[in-house]
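> Handing you a structure now.
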Amino acid sequence: MKSTVAANDGSGAAIFPELTRDVIDRMRDSANPRLREILSLVVSHIHEIVREANITQDEWWRAIEFLTRAGKMCSESRQEFILLSDILGISMLVDAIDHVGGPGLSESTVLGPFYAGQQRELAAGESILLREEESDPLEMRGRVADSRGRPIENALVEVWQTAPNQLYDVQDKDQPGGHLRGSFRTDGAGTFFFRTIMPVSYPIPNDGPAGQLLAAMGRHPFRPAHIHFMISAPGYRTLVTHLFLDGDRYLASDAVFGVKPSLVIRPRPIDGMNTVEYDFGLADQRESPRAQV
Ligand code: BEZ
Ligand code: FE
């Protein structure tokens, strides 16, 4: 099709507006209205970025080459697109839109790329370590309840964290698979209890395109020390969250923007043992108004 304003003539007029309209119009026969809605926005916003930033052929080629490298980096154990989504704040924005919040409900945060599926179920009080680590022990006790504080029995509490060497088992062939991961069930009072070690801060994988982008933006790749939780129960929305250690130097600059004040914990010594007690609130699946961003 012919352009009325074929090139940037410096007049400030929108360049080639009919192209954008044409791309969007040609989706009119799509059988998927939601896809059409989203793709129309994607097309119009990207076209607008290209116009506004005066993107050159060379810059667009570099962007394509960057995304190609990100794709090639992906494997069973590496998800570069999750990292890009996380470091650009997109994961936390989607979470803010899709998570049901409110009184009595826990806040959520990013899943990250290292959830490895449901792990062995352990009894209350068992350790999630499969080998010894030179690290301070930690006892993690908590309760899972609904928004009104009524206990949820038999909720599945899945947890995972890195070893003191800053790596998850799936990143480190020297760790036994399933090390520092486990699943627990809440009892009739909604409580769970497991033993672990103090988590450490660690860099997200930064030897690929996401790491190069972080460096180009002048940012560090570190996440503050945390333990991941995924808590599910029939009839309730699954909660994906972490607990972060108070005092960590990266709390204010998490590489993936995942920290929320309500998720920061301070272990207390109980009988000489670092102990955390934390209660989680799950949203009833029927109460699902959208959170305000
Ligand atoms: C994590 O906490 O496991 C994580 C989250 C986002 C990116 C990389 C790692
Ligand atoms: Fe993590």
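The values are calculated or read from the model by the stated rules, or taken from the named source; none is laboratory data. Fair warning: this is a prediction, and the values are worked out from it, not measured in the lab. Note: ideal-geometry Cβ built from the backbone for every residue, glycine included; neighbour counts use all protein chains shown. Accessible surface areas use protein heavy atoms only, side chains included; no ligands, DNA or RNA. Shrake-Rupley method; radii C 1.70, N 1.55, O 1.52, S 1.80 Å.
> With the chain treated as a Gaussian network of Cα nodes joined by springs under 10 Å, which of GLU153, GLU139, GLU76 yields the largest mean-square fluctuation?
GLU76
> If you don't mind, another one. Carbon-plus-sulfur fraction of the accessible area of the chain, 1.4 Å probe, in percent? Spell out each step's value before the answer.
Numbers: 8800 of 16210 Å².
Answer for the chain is 54 percent, counting heavy atoms of protein chains only.
> Rounded to the nearest whole Å², what accessible area per residue is found for segment 168-293 with the 1.4 Å probe?
Result: 46 Å² per residue.
> A further question on this structure: Tell me what the chain gives for mean residue ellipticity at 222 nm when only DSSP H runs of n ≥ 4 count, each as -39,500 (n - 2.57), the sum divided by the residue total, rounded to 500 deg cm²/dmol.
-7500 deg cm²/dmol
> Write down the percent of antiparallel bridges among all DSSP beta bridges whose residues are both part of the chain, to the nearest 5.
Just about 70 percent of them are antiparallel.
> Using only Cα atoms, locate the centre of segment 59-128 and the centre of segment 233-286, then give the distance between them in Å, rounded to an integer.
Using only Cα atoms, the two centres lie 17 Å from each other.
> Rounded to the nearest Å, what's the spacing between the alpha carbon centres of segment 204-232 and segment 136-196? Just the number, please.
If we compute the Cα centre of each part, the gap is 22 Å.
> If I take every Cα pair under 8 Å that is 6 or more residues apart in the chain, average their sequence separation and divide by the length, what percent do I get for the relative contact order?
Dividing the mean separation by the residue count of the chain yields 21 percent.
> Could you please report the charge total around ARG150, scoring K, R as +1 and D, E as -1 over all other residues with beta-carbon less than 13 angstrom from its beta-carbon?
-2
> Continuing with the same structure: Given the options ASP146, ASP22, ASP271, which has the most mean-square fluctuation in a GNM of the chain, springs set between C-alpha atoms less than 10 angstrom apart?
ASP22
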